[in-house]
Amino acid sequence: MMKIFKQALPGVLALAALLMSACSVGEQANRREVPEGVFQVNNPDYELSPYTGVTRAHWKDAALYLLEGAFSHLDSMSGPMRFPRQPGKSYPQDGKYNVTENLEGLCRTLFMAAPLLREDPELEVKGYPVAEYYRGQMLQLIDAESPMYVKHMTKPGWPSQTLVEFGALAISLSVAPEVLWEPFSQEEKDALAALMISYGNGPTVASNWRFFNIFVLSFFKEQGYEVDEPLLVEYIEKSLAQYRGEGWYNDSPAYDFYSMWAFQMYGKIWSELYGKRLYPEYASRFEANFADLTDNYPYLFDANGEMIMWGRSIAYRFAAAVPFPLMGWEAREDVNYGWMRRIASSTMLQFLQHPEMLQDEVPTLGFYGAFEPAVQIYSCRASVYWMGKLFMGLLVPEDSPFWTAEENNGAWDNELAKGAVYNKFQPGSEILITNYPNIGASEVRAWCHEKVADDWQKFRSTENYNRLAYNTAFHWQADGDQGEVAMNYLFKNAREEWEAFRLYTFKRFEDEVYYRDVVLETDSELAMNLADIPLANGILRVDRQLSPKAVSMRLGHYALPDLGAGIKEEVRQVGDHQATIIDNGTYQLALVPLSGWTKVEVVAAQGLHPISSDSKVVVAQANYDPATAETPVFATLMLWKKSGEPWSKADLLPVSGLEYQAQQNAVRVALRKGADKLVRFE
């Protein structure tokens, strides 16, 4: 057995008492500064909503705020909803407006309009009668002389974006049929029905796309039109078959926010609007699946109610919170409705009150501001309004407990205690959610196994999925050509390029350790066993090199953006180890190599971080050679604190010893706090 390092436990450490703020959370919220030029919560109600001041009326204000921005780009009642193109990989690449882009502008902005029209059919925005405008746009879909004209699907082919938008349109028609559908003449209804049914009756993608067919066919079946009902039932059954438990669906093959909120929203709304009457057995299954999300999905949001930057379609932003208001259709004793509204309202404000989200009064393609590494090629500028699905929560009655319960911070106040770390593992999806009360952050580890060579849309093999973990406090940074990397490994491949891990295979979650194996796409001999151990102030990585040949490798911590005051750097000796610390005035990140690594440096990056053009990350480096390496174990502490908080020796070195047991394929980890762990590789 090889002793990697061993230190005596220190004496009892004196703990300084932390001074708590004298003012309540509600009082803090009252004094919060909100930048000009962003969404304002007028007349906040801090009695009902002590954290945000937000009520149902403010949700309607928020929907109107986004709708006003969209309508500011109209030039006439007959003109399509078109927005300035954002440079980069989004479509249309030729810069010319096309039918699909027009269709997205129509169907996606309607997500804000439909719930408002349901309550105010006479709504006007920027001088335009909203219902009349959208009805006019729908009639242009069947006018061969219009730039909005869409051809029928006459023979089965590849299911196009048109199906997606017609599915979206069917949802809005279902929400406000009296305003958006009934005023049409019978001839107009028949023509629109024939067009949309031609897509609903057609092929789809084996993913959440099936719901677009389901909503088209359900709406027109309800209206008395003949649809392919066996196909409708088939798509319902196949959607239900994608359920994996604990609230999570598999989106063929990914898990991300979309595989939670989209499936759950579609299933819940379909059940309420159609399923309970037309297909009660299927509706009950969707309802049961929806009930499961309560136990873990709220924990994916941090102590401020904000969401993680993770997965594709990041530009949809606060749509991720839509399951929370939909819980309000029922009064369940096991749901903390005040916490659910706190999360949903806070996630909405996370973006609407960020000064960079809107440009030309339209949301950017990005997380806060425009961020090209997070953009997908299937998106245009209008795509961002998919976020408007959050406002489907307005379908929930005003007297629902979701709207009437006093806002609270749920588990962050009564369950998640500081000084500890909490893991929630979902066996069906193999997702691990971790909560860190010391900084109020949430973190997720989930699926990624997609080759760049097979990823024709270029998003499932990217940083959207291939990070070792994703955290609310530390947004993911894109990789750079010079070896810049955050929260992942890089290997120098045969082309002498730095290549990131992306082909992960989950093994198990055992004794609070999350195990994965991973191989490099271009060389399967370059492989590792990975073990993640969340700690109260960070992560302990205990990973084993499996490469039979020499290789250069790097591992990056999370990255910090420069928030305007620079990023301080410090190297501190801690026993036999060195801690490299960076601090941007909000957070500190520390990386402490325990074994395997030979060098640590702070790497500056430009244009790779979603928050700032300048950022820094601490990166560990090694040239591994199995013939000469002292150990194949690469153990690394990746720690954090809020800026201004002191680091004790115990903070920077929570591990007192590591012992590699080669014959047992295991590493024994001695922790200064808590029971020792035996990391067992398979």
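Some observations on this one:
- Of the residues in the range 310-325, not one is touching a strand residue (DSSP E or B) at 6+ places or on another chain (Cβ under 8 Å), over 22 Å from MET112 (Cβ atoms) and of a type in the set (Val, Ile, Thr).
- Exactly one residue out of LEU540, LEU563 is in contact with a strand residue (DSSP E or B) (Cβ under 9 Å, 6 or more places away or on another chain), at pLDDT 95 or above and not charged (D, E, K, R), and it is LEU540.
- Of all residues making up the range 431-454, the number that are open to solvent by 10 Å² or more (accessible area, probe 1.4 Å), in a loop (DSSP other than H, G, I, E, B) and under 18 Å from PRO373 (Cα atoms): 2
- Hey, TRP339 open to solvent by 10 Å² or more (accessible area, probe 1.4 Å), part of a helix (DSSP H, G or I) and modelled with pLDDT of 95 or more or not: yes
Matching residues to (1) open to solvent by less than 30 Å² (accessible area, probe 1.4 Å); (2) over 21 Å from HIS354 (Cα atoms); (3) of a type in the set (S, T, N, Q); (4) at pLDDT 95 or above:
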| residue | (1), (2), (3), (4) |
| --- | --- |
| ALA29 | yes, no, no, no |
| TYR51 | no, no, no, yes |
| THR55 | yes, no, yes, yes |
| LEU66 | yes, no, no, yes |
| ALA70 | yes, no, no, yes |
| HIS73 | no, yes, no, yes |
| LYS96 | no, yes, no, no |
| GLU122 | no, yes, no, yes |
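- Residue satisfying condition, being under 26 Å from ASP413 (Cα atoms), buried (at least 17 other Cβ atoms within 10 Å of the Cβ), in contact (Cβ under 8 Å) with a residue 12 or more places away in the chain and in contact with a Lys or Arg (Cβ under 7 Å, 6 or more places away or on another chain), within set ALA469, ALA473: ALA469
- In the range 311-366, residue farthest from HIS609 (Cα to Cα) [restricted to those that are of a type in the set (Val, Ile, Thr) and under 17 Å from the mean Cα position of the chain (by Cα)]: VAL322
- Qualifying residue in the range 390-408 (condition: touching a residue at least 40 places away in the same chain (Cβ under 8 Å) and over 30 Å from ARG332 (Cβ atoms)): no
- Answer residue from the range 75-94, given it is closer than 28 Å to GLN40 by Cβ, touching a strand residue (DSSP E or B) at 6+ places or on another chain (Cβ under 9 Å) and not hydrophobic (A, V, I, L, M, F, W, C) and is surrounded by the most Cβ atoms within 10 Å (Cβ to Cβ) among those: GLN86
- Residue check, PRO115 out of contact with any strand residue (DSSP E or B) (no Cβ under 7 Å at 6 or more places or on another chain), of a type outside the set (Ser, Thr, Tyr) and part of a loop (DSSP other than H, G, I, E, B): no
- Some residue of the range 503-513 being at pLDDT below 95 and open to solvent by 40 Å² or more (accessible area, probe 1.4 Å): no
- Only residues that are assigned to a helix (DSSP H, G or I) and of a type in the set (Phe, Trp, Tyr) were counted across the range 293-311, and they come to 2.
- Close pairs (7 angstrom Cβ cut-off, 6 or more residues apart or separate chains): closer than 29 Å to GLU124 by Cβ and among the aromatic types (Phe, Trp, Tyr) in the range 77-102, open to solvent by 50 Å² or more (accessible area, probe 1.4 Å) and part of a loop (DSSP other than H, G, I, E, B) anywhere: PHE83/HIS73; TYR97/ARG82
- Residue list for the range 137-185, restricted to those being within 20 Å of VAL205 (Cβ to Cβ), in contact with a helix residue (DSSP H, G or I) (Cβ under 9 Å, 6 or more places away or on another chain) and hydrophobic (A, V, I, L, M, F, W, C): VAL150, MET153, LEU163, VAL164, PHE166, ALA168, LEU169, ALA170, ILE171
- Of all residues in the range 363-406, those satisfying the criterion of being open to solvent by 10 Å² or more (accessible area, probe 1.4 Å) and small (Gly, Ala, Ser) are ALA370, ALA405.
- The sole residue among SER239, SER198 that is surrounded by 21 or more Cβ atoms within 10 Å (Cβ to Cβ) and small (Gly, Ala, Ser) is SER239.
- Verdict on ARG108 being out of contact with any Pro (no Cβ under 9 Å at 6 or more places or on another chain), open to solvent by less than 60 Å² (accessible area, probe 1.4 Å) and not aliphatic (A, V, I, L, M): yes
Residue-by-condition table, conditions (1) under 25 Å from ASN438 (Cα atoms); (2) open to solvent by less than 10 Å² (accessible area, probe 1.4 Å); (3) part of a strand (DSSP E or B); (4) in contact with an Asp or Glu (Cβ under 8 Å, 6 or more places away or on another chain):
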position	(1), (2), (3), (4)
VAL600	no, no, yes, no
VAL603	no, no, yes, yes
GLN621	no, no, yes, yes
ALA629	no, no, no, no
LEU637	yes, yes, yes, no
LYS641	yes, no, yes, yes
LEU658	no, yes, yes, no
VAL669	yes, yes, yes, yes
ALA675	yes, no, no, no
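- Count - residues of the range 455-466 that are of a type in the set (D, E, K, R) and either without any contact (Cβ under 8 Å) to a residue 60 or more places away in the chain or open to solvent by less than 10 Å² (accessible area, probe 1.4 Å) (or both): 1
- Filter result for ALA283 (surrounded by fewer than 18 Cβ atoms within 10 Å (Cβ to Cβ), of a type in the set (A, V, I, L, M) and under 27 Å from the mean Cα position of the chain (by Cα)): no
- Among the candidates VAL518, VAL485, residue that is aliphatic (A, V, I, L, M) and in a strand (DSSP E or B): VAL518
- In the set ASN409, ASN414, only one residue is farther than 18 Å from THR522 by Cβ and crowded, with 17+ Cβ neighbours inside 10 Å; that residue is ASN409.
- Qualifying residue in the range 245-259 (condition: within 19 Å of the chain's Cα centre (by Cα), part of a helix (DSSP H, G or I) and surrounded by 24 or more Cβ atoms within 10 Å (Cβ to Cβ)): yes
- Qualifying residue in the range 231-241 (condition: touching a helix residue (DSSP H, G or I) at 6+ places or on another chain (Cβ under 9 Å) and assigned to a loop (DSSP other than H, G, I, E, B)): no
- Condition met for ILE581 (assigned to a strand (DSSP E or B), among the aliphatic types (A, V, I, L, M) and either modelled with pLDDT of 95 or more or open to solvent by less than 40 Å² (accessible area, probe 1.4 Å) (or both)): yes
- Test: LEU173 is among the aliphatic types (A, V, I, L, M), touching a residue at least 40 places away in the same chain (Cβ under 8 Å) and either assigned to a helix (DSSP H, G or I) or surrounded by 19 or more Cβ atoms within 10 Å (Cβ to Cβ) (or both): yes
The values are calculated or read from the model by the stated rules, or taken from the named source; none is laboratory data. Only a predicted model underlies this, so the values are computations on that prediction, with no experimental measurement involved. Glycine also receives a Cβ, built like all others from the backbone with ideal geometry; neighbour counts cover every protein chain displayed. Note: accessible area is taken over every heavy atom of the protein model, side chains too, but ligands, DNA and RNA are not part of it. Shrake-Rupley method; radii C 1.70, N 1.55, O 1.52, S 1.80 Å.
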